[in-house]
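Okay, structure first, notes after.
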Amino acid sequence: MCMSQESAISIIRLVGSKRGYLTVEACLASGNVNVCLIPEIKWSFYGPNGLLAYATTFLSNNHNLILAVAEGSGKSLIDD
């Protein structure tokens, strides 16, 4: 995959089903995705093991980050 920006983050949002297996299969088939977020696995945005810390570290060593997000992922981060 060719990107024209250095330190760019590409976000791919996959919709349709509220299950992450479609997103996981698409990520594995492409071979280019660096992070795959699915609703079955809880993740955090902040903190030492959070997505922001990982993205910062990844971008300091690489030129771009490709992030695939399944529909419904991160619902635990939103307050009701």
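Take Asn32 and Ser10, extend 7 Å from each Cα along the Cα→Cβ direction, and tell me the distance between the two endpoints in nm.
According to this spin-label approximation, the distance is 0.4 nm.
How much net charge surrounds Ser73 when only the other residues with a Cβ under 10 Å from the Cβ of Ser73 are counted, with Lys and Arg +1 and Asp and Glu -1?
Values: positive: Arg13, Lys18, Lys42, Lys75; negative: Glu40, Glu71.
Combined, the nearby Lys, Arg, Asp and Glu give +2.
In the chain, which longest range has no chymotrypsin sites (Phe, Trp or Tyr not before Pro) that are both DSSP loop (not H, G, I, E or B) and surrounded by at most 13 other Cβ atoms within 10 Å?
Formally, the longest exposed-site-free interval is 1-44.
How large is ³J(HN,Hα) for each residue in segment 59-71, as worked out from phi by the Karplus curve 6.51 cos²θ - 1.76 cosθ + 1.60 (θ = phi - 60°), to whole Hz, x for Gly and Pro?
5, 6, 9, 10, 8, 8, 10, 10, 10, 9, 10, 7, 4
At most 13 other Cβ atoms within 10 Å and a DSSP loop assignment: could you name the GluC sites (Glu not before Pro) in segment 5-80 that fit? Could you put the intermediate results ahead of the total?
Details: sites: Glu6, Glu25, Glu40, Glu71; in loops: Glu6, Glu40, Glu71.
Passing both the DSSP loop test and the Cβ count: Glu6, Glu40.
Since every read-out is calculated from the coordinates, none of them should be taken as a lab result. Keep in mind that this is a model prediction, so the values were computed, not measured. Using ideal geometry, Cβ is built from the backbone for each residue, glycine included, and neighbour counts are taken over all protein chains shown.
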